[in-house]
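One structure below.
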Amino acid sequence: LVLKRIYSDSIHNSKNLARLLGIVLKVGNELNAGTSKGGAQGVHISSLTKLTTTKSNTKKTLLEYIVEKVEQKDPSLLGIKKDLPLLAEAAKVNLKSLTADINKLRTGIKSMVATGAFICLFCQHLRHSNFAVSCN
């Protein structure tokens, strides 16, 4: 949970990420002008994958186009890795494995609570923490 909070804070506080997403929004609105998708107020995370799959007639992806424009107009934005130092580590997390681990923990905790073992372990922890408790 602590790492999740650190990652979340890094993303939330990144001015460069906000500016890049603003550029993605602007490009998307220009491409979708005159359609029901034009004039969007924000970017859906799921739509970000389209940046690598949407191609021009020259086979350039939308992401490549945006990077070229950013390099020309504001190359400092490409230093976003400095804003998100833990991003590489977060990208390595296998979500299926993490979800499976969380489910195992949840099942184990439910089992412990059902048998009363959780309460005894909690009491033992409190005893070791110099709290006055009795566990019957």
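Here are a few things to note about the model shown:
- R0 of 25 Å, Cβ-Cβ distance Ala88-Ser36: FRET efficiency to nearest 0.05: 0.10
- As a rough guide to protection, the peptides 91-99, 50-58 ranked by mean Cβ packing within 10 Å, highest first, stand as 50-58, 91-99.
- Computed label-point distance, nm, for sites Ile102 and Asp9 using a 7 Å Cα→Cβ extension: 2.0 nm
- Carbon plus sulfur fraction of accessible area for the range 64-109, probe 1.4 Å, in percent: 61 percent
The values are calculated or read from the model by the stated rules, or taken from the named source; none is laboratory data. Since we're looking at a predicted model, the values are computed, not measured. Because the Cβ atoms are built from the backbone with ideal geometry, glycine has one as well, and the counts that use them run over all protein chains shown. The protein model used for the area step is the full one, side chains on, heavy atoms only, and it has no ligands, DNA or RNA in it. Shrake-Rupley method; radii C 1.70, N 1.55, O 1.52, S 1.80 Å.
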